[in-house]
Every structure is written in C-alpha cells, then in structure tokens.
1. Whenever you get a sec, compute what percent of the accessible area on the chain sits on carbon and sulfur atoms (1.4 Å probe).
2. Tell me the label-point distance for the pair Asp35, Asp256, using the 7 Å Cα-to-Cβ offset, in nm and rounded to one decimal.
3. Among 57-64, 132-139, how do they line up by average Cβ neighbours within 10 Å per residue, starting with the highest?
4. With a/c under 1.5 counting as rounded, go ahead and sort the chain into rounded, prolate or oblate using the C-alpha gyration tensor (a ≥ b ≥ c being the square roots of the eigenvalues; past the cut-off, prolate if a/b is larger than b/c, else oblate).
5. Step through the residues of the range 59-66 one at a time and calculate ³J(HN,Hα) from phi using the Karplus curve (6.51 cos²θ - 1.76 cosθ + 1.60, θ = phi - 60°), rounding each to whole Hz and writing x for Gly and Pro.
6. Which of the peptides 185-191, 250-256 is most tightly packed, and how do the rest follow, judged by the mean count of other Cβ atoms within 10 Å per residue?
7. Using the Karplus equation 6.51 cos²θ - 1.76 cosθ + 1.60 (θ = phi - 60°), what ³J(HN,Hα) coupling, rounded to whole Hz, does each residue of the range 216-221 give in order, writing x for Gly and Pro?
8. So which of Lys69/Lys104; Lys69/Lys248; Lys104/Lys185; Lys23/Lys221; Lys75/Lys242; Lys24/Lys243 end up more than 23 Å apart by C-alpha?
Amino acid sequence: MTYLEEYWQAIQTGEVIAGKWIKKAIRNLIRDIDDPRYTYNTDYAHKRMRFQETLCLQSKQPYYGKPLKLMLWQKAFWEVVYSFRMADTGLLRFTEALLEIARKNGKSTMFAGDAMYDLFLGAGGMDICCASNDDRQARLIWGEIAGMRERLDPKRALTKPTLTELKNRSRGITVFRLSSKTQNKDGFNISKTLMDESHDVSEENGASEVAEACWRGMSSKDEPLFLNCTTQGFNRGCYLDKKLDYAKKVIRGEID
C-alpha cells in the first residue's frame, strides 16, 4: 500500500479527521494512480523521505539534533509530488503544490528537509529559491536548511555557506532566498521554489512580483516545481486567495 492509500484508509476509518477538500483531492489522486496518462512510481519519493528521516537534523528544542520523523500526511504529500509522472514524457506531472497548515506545525522544517536532499543529492546545477514577502520570512526555510547543512557537513567537505547562499561546490547546487525587498528579481535560473507564508503576499505592495519572478526563473525548466505553503492569515483579495480559488477548481475538475 502506498502512503497515499494508507492516508486515505486512515481518513476512512476515522483515525484521521479531514475536511471535504482534502477528501476530494485524495479521491482524485487515488483514482489517477490507475489513469493511463500517468505512472506512479514511489521509489524516488521514498528515497527522498529516507534521506530526510536519517540525515536532516532539526534545530529547535526539544527536537534539537534529532532527525525528522515525517507524519503520515507528510509522507503522502511528498509521495504524490514526486511519484506522479506523465506516461508519455516521463516528466513530473505536477509543477505546483499548495500546502495549508496551522501555525507551529513544522512547515518550514518540512520544506527544509526536502531542499536538503536537493542540496546534497540533487541534479547538478540546480538553483533552489526560498521566497517570501520579506527577507525575514524568506530566511525561515533558508535558515533551517543552513542549520541542517551545518550539522550534516560541519567541516564543509561538500558544502559551503555564505551570508546569502548555501552551495554544494562539487555539484554546482545553490540555495538562495528572494523577497519583495530584493532589488533585482530577474536573471535567475531556478529549478525549485519554496514559497513561505504566501498569505502575506499581496498585489498592492508588489510582493506578488516575487512569485512571478520565480516562475520566470523556472520558465526554461522541463520539471519546474513551485512549493507553496501558508498558514492562511487574515489578508483578503490577495495572492493566496487567487491560488485557493484556482486549487478548488482543479479539485472540482473545472481546470486540468
């Protein structure tokens, strides 16, 4: 049984309580496992998760120095993102994922663990962008990656940090951050974007330009991936509301 199917079983038995949008999204995904347009191979996703649960050491008390322990919903999330591929091209099916999660439930640590795999074992030449409304927010995931990197490679045998970037010198992989305060938002060549606290991204203050800059930076990639996480917040009529409307139309089958 895949983690996706295991998670769905836990919802059906009442072990996990889930809302209607989660339920419908998971039903759609389980149906798509047998869709001939896609393949569903979990090997790569499970390898990434084993890396996280073995080598990504946390930074916050009381879990300082302990490896991540992914919950079932997190395993299902990562499995779906990295297991679905287009049958005709072999490329990742999904280019974007939206994660809504309550505060203090470890979203920054969860996304940092995913980026750590890319920093150490990703394809050569990758650029990974940690983006948000302002630099402090953009630094949350980036700083967590920096801490994990320091604990895994303290002698800098493979990786090297600077004030603004984390680098894997042998593979040419870079993790950097981008915010609305960044003066020049063009010229990037990004493979993956980690957008944090997207509920604070509004059209009025120009912060939506950050998301657009990341998409422009990924425009030449065959497998771009935009991972968007949020605690929702209280802003209305902003970037996140448009994303939520779009996501619900996808779940309802109104958008392919």
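1. On the way: 6680 of 13240 Å².
Within the chain, the accessible surface is 50 percent carbon and sulfur.
2. 1.0
3. Numbers: 57-64: 13.1, 132-139: 20.0.
Final packing ranking: 132-139, 57-64.
4. Working: a/c = 1.41, a/b = 1.19, b/c = 1.18.
Taking the square roots of the gyration eigenvalues as a ≥ b ≥ c, the chain is rounded.
5. Once θ is set to phi - 60°, the couplings for the range 59-66 become 10, 9, 5, x, 9, 4, x, 9 Hz.
6. Values: 185-191: 15.6, 250-256: 10.9.
Going from most to least packed, we get 185-191, 250-256.
7. 4, x, 9, 5, 9, 8
8. On the way: Lys69/Lys104 15 Å; Lys69/Lys248 30 Å; Lys104/Lys185 30 Å; Lys23/Lys221 32 Å; Lys75/Lys242 27 Å; Lys24/Lys243 17 Å.
Result: Lys69/Lys248; Lys104/Lys185; Lys23/Lys221; Lys75/Lys242 exceed 23 Å.
The values are calculated or read from the model by the stated rules, or taken from the named source; none is laboratory data. Note that the structure is predicted; figures quoted are calculated from it, not measured. Every residue, glycine as well, gets a Cβ built from its backbone with ideal geometry; the counts of neighbours run over all protein chains shown. Heavy atoms of the whole protein, side chains included, go into the accessibility calculation; ligands, DNA and RNA do not. Shrake-Rupley method; radii C 1.70, N 1.55, O 1.52, S 1.80 Å.
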